[in-house]
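The structure appears below as structure tokens.
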Amino acid sequence: DTAVSQTPKYLVTQMGNDKSIKCEQNLGHDTMYWYKQDSKKFLKIMFSYNNKELIINETVPNRFSPKSPDKAHLNLHINSLELGDSAVYFCASSQPGGRGYPAINYGYTFGSGTRLTVV
Amino acid sequence: AQSVTQLGSHVSVSEGALVLLRCNYSSSVPPYLFWYVQYPNQGLQLLLKYTTGATLVKGINGFEAEFKKSETSFHLTKPSAHMSDAAEYFCAVSFAGGYQKVTFGTGTKLQVIP
């Protein structure tokens, strides 16, 4: 029973291609996130959705487009892949708090990551 | 703006020795502080967290951390290192209210020497 699952685990693709990464959580959480971890292990938030609504959109190229068909799923589509997009992408979720906000004090539950390599 | 600084990107300890991983935070409001552990080729796992109340918090695998407001620190310790503790450790900060994100430090890689 994987709590936050991402597919695929590994993705190797050529520059210029379009690819998607899928994420699903079965924890009943309302809020989901995408983080990018670069080669130096630095983690940077990209997007967050709360109950299918985009709530955090950091400075990310518009080639990256998240989609949340329902609160249990958050997918990441990347157009025109570039070498610099090579990284590990992590999906995460957090418990619902009061008034529709995420309960940040409980921390995140992370998926196991998708290692994207652009060649 | 909130941030965390982890001192030392690599820390080596002998098996059975004290583990001390340093984290200092910057936040204009009372922070929530977290430590996460990442084993090779895996996602991050929450080790422990401080939100309010007792400043010494205990987590999984024998780790603990103490919130010191006067020093703006949240250092992670374990009395006796085990080989299985070898991993990357991330300190993180957030705070209450609204749609708050968690900001991560740059990580500290812990090596345990037999």
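Structure data summary
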item: Selection within region A:1-40 - within 20 Å of B:Val37 (Cα to Cα), in contact with a Phe, Trp or Tyr (Cβ under 8 Å, 6 or more places away or on another chain) and facing chain B (nearest Cβ under 10 Å); result: A:Val4, A:Gln6, A:Tyr33, A:Tyr35, A:Gln37
item: Residue tally, condition part of a strand (DSSP E or B) and either more than 9 Å from chain A (Cβ to nearest Cβ) or among the β-branched types (Val, Ile, Thr) (or both), over region B:49-80; result: 15
item: Residue in region A:12-19 that is within 14 Å of the chain's Cα centre (by Cα), at pLDDT 95 or above and not acidic (Asp, Glu) present; result: yes
item: Subset tally (residues that are facing chain B (nearest Cβ under 10 Å) and polar (S, T, N, Q)) for region A:41-79; result: 2
item: Residue ID - farthest from B:Gly16 (Cα to Cα), chosen from residues in region B:81-114 that are open to solvent by less than 60 Å² (accessible area, probe 1.4 Å) and away from chain A (no Cβ under 14 Å); result: B:Ala86
item: Spans of strands (runs of 3 or more DSSP E) in region A:1-97 with at least 1 residues within 25 Å of B:Tyr89 (Cβ to Cβ); result: A:4-7, A:10-13, A:19-25, A:31-37, A:43-50, A:53-57, A:87-94
item: Region A:79-94, residues that are within 25 Å of B:Tyr39 (Cα to Cα) and either open to solvent by less than 20 Å² (accessible area, probe 1.4 Å) or touching a strand residue (DSSP E or B) at 6+ places or on another chain (Cβ under 7 Å) (or both); result: A:Asp85, A:Ser86, A:Ala87, A:Val88, A:Tyr89, A:Phe90, A:Cys91, A:Ala92, A:Ser93, A:Ser94
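The values are calculated or read from the model by the stated rules, or taken from the named source; none is laboratory data. Note that the coordinates shown come from a computational prediction; the quantities given were computed from them, not determined experimentally. Glycine gets a Cβ as well: all are built from the backbone with ideal geometry, and neighbour counts include every protein chain shown. Please note that ligands, DNA and RNA were not included when accessible areas were found on the heavy atoms of the full protein model with its side chains. Shrake-Rupley method; radii C 1.70, N 1.55, O 1.52, S 1.80 Å.
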